[in-house]
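A quick write-up on the structure given underneath.
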Amino acid sequence: MNETISRLEEVTYDDAIVRKFLLACMVFAGVAFAAGLLAALQLAFFPLNMELPWLTFGRLRPLHTNAAIFAFAGNAIFAGIYHSTQRLLKTRMYSDRLSAIHFWGWQLIIVAAAISLPLGFSQGKEYAELEWPIDIAITLIWVIFAVNFFGTLAIRREKHMYVALWFYIATIVTVAVLHIVNSIEIPWSYMNSYPVWAGVQDALVQWWYGHNAVAFFLTTPFLGLMYYYLPKAANRPVYSYRLSIIHFWGLVFIYIWAGPHHLLYTSLPEWAQTLGMIFSIMLWAPSWGGMINGLLTLRGAWHLLRTDPIIKFMVAALTFYGMATFEGPLLSIKSVSAIGHYTDWIVGHVHAGALGWNGFLSFAMIYYLVPKLWKTKLYSDRLANVHFWLGFLGIVLYYVSMVAAGITQGLMWKAIGPEGQLVYPDFVETVVRIVPLYWARALGGAFFLGGFMVMCYNVYRTIAASTEVSNETVRVRNTRYSSAGEGHRALEGMVTVFSVLSLIAILVGSVIEIYPTLSLHSYIAKTANIDPYSPLEIAGRDIYIREGCYVCHSQQIRPMVSEVLRYGSPSTMEESIYDHPFQWGSKRTGPDLARVGKKYPDLWHFRHMVDPRSVVEKSIMPSYSWLVKDKTDFLSLRKKVSVLRNLGVPYSPEQVAQADRLAEEQAKSVAQAIHDQGGPEGLERREIVALIAYLQALGQKEKQPRPTDQVTVKE
Amino acid sequence: MSGFLRQVYTDTDLTAAGLMIFFGFFMVTLVWVYLRKGAKAHYEAMGRIPLNEGDVCE
């Protein structure tokens, strides 16, 4: 190293902002875990929604996922980044004011999400449900965070950027790109919008976002935290700094390509599916490189595992990271996906990562930081150990029950008898079989929440015993060397170049995957054989999205014999071409709905929504009785249809101008049909009629249905 | 332009070239990090950064 100038300077870190993010992390962790437990219990015992719309699974699940990702994990990331960045760069954050705006802005966003999601304001895209005003707020706050972070890099006293900072840079750059591209939407009211992407485009953009939200919000920042806090806790350097460089570039290059593995066997083009599968398998190498680098950091210090709860949490976190990053590529292999996709196996996989990797690493960081930030000792190591074992037992129970449930259900769906018939033709048979495992999962969640509450008590007692809370001041050496070194060493000192290279690394995969799919519509439009939804069906579709039906029902029939027998011919790219947003779904707690239209009479749907057990005896679906009371918003339909027309859906100007009248006419006819079939009368202005109109339209929009001999199965 | 790009996507030679570029990038990074003269000592020093954060002022 060329240290031509090196002098001692005093710096006072802004630890107040770290304390704030840490406490916010703990508060919202409680909310996320409690919402998750309630959601898990509702799947085992449906009456727990108490027939309250805002407490029903379809609205609760987005609240749980958003709280877990953006509130709990988000605040944990920010706490760790603000704490470690200042120390790694030997400087205070660039601006205390920007730090404060970031903190309060982020909490405001979380509160807005916590209010709007239960009220049903949703874009219907997983992990991106938040509506357009909140999307804009996220963008602004993220930019403020970025300015503050890069400003801190600019005023640093340590010229070399330690590997943790590279992961933070990749996070900031990539999350910005993902969020902006996936959130391009046109508002039709002050709290509602339609995405500009539709059908297969929207599916690819959404899962490019969804997968990389996991990659760049739940993986890269946590790897950065691991690379900082593990050496600190073990008091020894990372096993191989050189391996960390390979780990970083390998991960950011490969991760961005893997999104399509969420869409295997769908109507996404085959080449994109193959690309997603291949790159997912390639991810094994950098992921395990990072895990091994972390675990080997403890070489010669494994005895700490017996005595230090922080190390215990970190080792378990890394082990869960290794397990989840082994299982992820495994599930991306098409033949494995054929069994695992749409089942609870995926839910188990996600929670091994979220609870084991993100949860345990965050807990380790909290146990490390709280005594340091409040300048005291941890109240009880024993309670921290209790927390560890309760949490560990909870994750194991959760994971094992969900994998067992997923494989059971996946195999039951696919079981075909000697006569070529489905062995379990009634979908509900496959649900009833796994309900006991839903109870086991809820028990696992309760253990995990119990452990977390033990930690809250431990942290509370620790903070209560603190007599001094102040910012840390240190004397540091300012390492301004005249030449930044050579090759990668020079790169590590050049913030802008490094950031641009990271951006290029993630853009290459993004553009190559997304561009051709964005141009697909120019091919499809010429041969489009699909009618757009009627205005009443649009109203019904918005109710479907508001109630979060997509979290339990898919609309995508895979080209498999068992699926064709159960649901009908495989879904095509054309069928969802006007779907803003797409509703292919990712989970089948209930059956696929892609071709449910005209399968049952209107009255069947009416009874099913009011009391699902009246038509499917063992159904676990909650009652949606409020749809019979609430009125359809006909007035907004002109605006909605107009926005969709501007997005390319082929409505005529007359259809836009008369959207409300057309909807009212269709509603009268559906309401009359329900009455004629023996149902109540006078339902034409009720939401349930709009929803039934939409459900009856699913799979019925082809102008000329394809002959059945053209159906191709690929498995 | 878009017609040209669509044509490019179906060119298997270019796909193979893309794969080679990726593999090449990986190999260059590997050589750069592991085989360059003096790299080991430098990176060992860099790995110690979190452990050398200065002296706390009382």
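The values are calculated or read from the model by the stated rules, or taken from the named source; none is laboratory data. If you're wondering where the values come from, they're calculated on a predicted model, not measured in any experiment. A quick note on method: Cβ atoms are made from the backbone with ideal geometry, for glycine too, and the neighbour counts reach across all protein chains shown. Protein only, heavy atoms only, side chains kept; ligands, DNA and RNA dropped before computing areas. Shrake-Rupley method; radii C 1.70, N 1.55, O 1.52, S 1.80 Å.
When the criteria are applied in full, A:MET282 fails the requirement of being under 17 Å from A:GLY224 (Cβ atoms) and not charged (D, E, K, R).
For every residue, the table says whether it meets (1) within 14 Å of another protein chain (Cβ to nearest Cβ); (2) part of a helix (DSSP H, G or I); (3) without any contact (Cβ under 8 Å) to a residue 40 or more places away in the chain.
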| position | (1), (2), (3) |
| --- | --- |
| A:LEU108 | no, yes, yes |
| A:ALA113 | no, yes, no |
| A:GLY124 | no, no, no |
| A:VAL143 | no, yes, yes |
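Residue count for the stretch A:215-231 under the criterion of being assigned to a helix (DSSP H, G or I) and within 12 Å of the chain's Cα centre (by Cα): the result is 3. Of all residues in the stretch A:283-300, those satisfying the criterion of being part of a helix (DSSP H, G or I) and either touching a Pro at 6+ places or on another chain (Cβ under 8 Å) or of a type in the set (S, T, N, Q) (or both) are A:TRP284, A:SER287, A:ASN293. Restricted to the stretch A:422-458, and to residues there that are open to solvent by 10 Å² or more (accessible area, probe 1.4 Å) and either among the hydroxyl-bearing types (Ser, Thr, Tyr) or at pLDDT below 95 (or both), the residue that is farthest from A:LEU390 (Cα to Cα) is A:TYR424.
Is it the case that A:ALA67 is without any contact (Cβ under 8 Å) to a residue 60 or more places away in the chain, on the phi < 0 side of the Ramachandran plot, outside the structural domain of A:ARG546 (by TED's automatic domain parsing) and buried (at least 23 other Cβ atoms within 10 Å of the Cβ)? Here the answer is yes, as A:ALA67 does meet what is asked.
Applying a threshold of 6 Å to beta carbon distances and a minimum spacing of six or more residues, or different chains, the list of pairs starting in the stretch B:36-54 at a residue that is facing chain A (nearest Cβ under 7 Å) and modelled with pLDDT under 85 and ending at one that is open to solvent by 50 Å² or more (accessible area, probe 1.4 Å) and not in a helix (DSSP H, G or I) reads B:GLY54/A:ARG475. Are any of the residues in the stretch A:77-96 surrounded by fewer than 18 Cβ atoms within 10 Å (Cβ to Cβ), assigned to a helix (DSSP H, G or I) and away from chain B (no Cβ under 14 Å)? Yes, that holds for at least one residue.
Entry remark, the stretch A:304-332: residues being in a helix (DSSP H, G or I) and within 30 Å of A:MET412 (Cβ to Cβ) number 10 in total. In summary, A:LEU411 fulfils each of the numbered conditions (1) closer than 30 Å to A:MET560 by Cβ; (2) open to solvent by less than 40 Å² (accessible area, probe 1.4 Å); (3) not β-branched (Val, Ile, Thr) with the single exception of condition (2).
Kindly indicate whether A:ALA32 is surrounded by fewer than 21 Cβ atoms within 10 Å (Cβ to Cβ), aliphatic (A, V, I, L, M) and either in contact (Cβ under 8 Å) with a residue 12 or more places away in the chain or out of contact with any helix residue (DSSP H, G or I) (no Cβ under 9 Å at 6 or more places or on another chain) (or both). Against the criterion (surrounded by fewer than 21 Cβ atoms within 10 Å (Cβ to Cβ), aliphatic (A, V, I, L, M) and either in contact (Cβ under 8 Å) with a residue 12 or more places away in the chain or out of contact with any helix residue (DSSP H, G or I) (no Cβ under 9 Å at 6 or more places or on another chain) (or both)), A:ALA32 does not qualify.
One line per residue, one yes/no per condition, for (1) in contact with a His (Cβ under 8 Å, 6 or more places away or on another chain); (2) farther than 30 Å from A:ALA338 by Cα; (3) of a type outside the set (Ser, Thr, Tyr):
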{"residue": "A:CYS552", "(1), (2), (3)": "no, no, yes"}
{"residue": "A:ILE557", "(1), (2), (3)": "no, no, yes"}
{"residue": "A:LEU593", "(1), (2), (3)": "yes, no, yes"}
{"residue": "A:VAL615", "(1), (2), (3)": "yes, no, yes"}
{"residue": "A:LYS618", "(1), (2), (3)": "no, no, yes"}
{"residue": "A:ASP633", "(1), (2), (3)": "no, yes, yes"}
{"residue": "A:LYS639", "(1), (2), (3)": "no, yes, yes"}
{"residue": "A:GLN658", "(1), (2), (3)": "no, yes, yes"}
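Assess whether A:PHE248 counts as being assigned to a helix (DSSP H, G or I), surrounded by fewer than 24 Cβ atoms within 10 Å (Cβ to Cβ), under 24 Å from the mean Cα position of the chain (by Cα) and within 10 Å of chain B (Cβ to nearest Cβ). In short, no. For the stretch A:616-628, does any single residue satisfy the condition of being free of Cβ contacts under 8 Å to residues at least 60 places away in the same chain and surrounded by 15 or more Cβ atoms within 10 Å (Cβ to Cβ)? Looking for residues that are free of Cβ contacts under 8 Å to residues at least 60 places away in the same chain and surrounded by 15 or more Cβ atoms within 10 Å (Cβ to Cβ), one finds none in the stretch A:616-628, hence no. In the set (1) open to solvent by less than 30 Å² (accessible area, probe 1.4 Å); (2) of a type in the set (Ser, Thr, Tyr); (3) modelled with pLDDT of 95 or more, A:THR479 fails one condition alone, (3).
Being out of contact with any His (no Cβ under 7 Å at 6 or more places or on another chain), farther than 28 Å from A:PHE392 by Cα and either more than 14 Å from chain B (Cβ to nearest Cβ) or surrounded by fewer than 19 Cβ atoms within 10 Å (Cβ to Cβ) (or both) is the requirement here; does A:PRO260 meet it? Yes: the conditions hold for A:PRO260.
Can you go through A:LEU60, A:LEU52 and tell me which one is more than 14 Å from every other protein chain (Cβ to nearest Cβ), closer than 30 Å to A:VAL610 by Cβ and in contact (Cβ under 8 Å) with a residue 40 or more places away in the chain?
Answer to the check: A:LEU60.
Using the structure shown, decide if A:ALA663 is in a helix (DSSP H, G or I) and within 18 Å of A:LYS599 (Cα to Cα). Against the criterion (in a helix (DSSP H, G or I) and within 18 Å of A:LYS599 (Cα to Cα)), A:ALA663 does not qualify. Taking A:THR408, is it of a type in the set (Ser, Thr, Tyr) and more than 30 Å from A:PRO591 (Cα to Cα)? In short, no.
Look through A:LEU268, A:LEU275 and report the one residue that is outside any helix (DSSP H, G or I) and within 29 Å of A:LYS587 (Cβ to Cβ). Quick ask: steps written out before the conclusion?
Details: A:LEU275 fails: outside any helix (DSSP H, G or I).
The unique qualifying residue is A:LEU268.
The residue of the stretch A:212-245 that is nearest to B:PRO50 (Cα to Cα), among those that are away from chain B (no Cβ under 11 Å) and out of contact with any helix residue (DSSP H, G or I) (no Cβ under 7 Å at 6 or more places or on another chain), is A:THR219.
When the stretch A:43-59 is filtered for residues that are assigned to a helix (DSSP H, G or I) and open to solvent by less than 10 Å² (accessible area, probe 1.4 Å), the ones remaining, listed by number, are A:ASN49, A:GLY58.
Only residues that are under 38 Å from the mean Cα position of the chain (by Cα) and open to solvent by 20 Å² or more (accessible area, probe 1.4 Å) were counted in the stretch A:659-686, giving 7.
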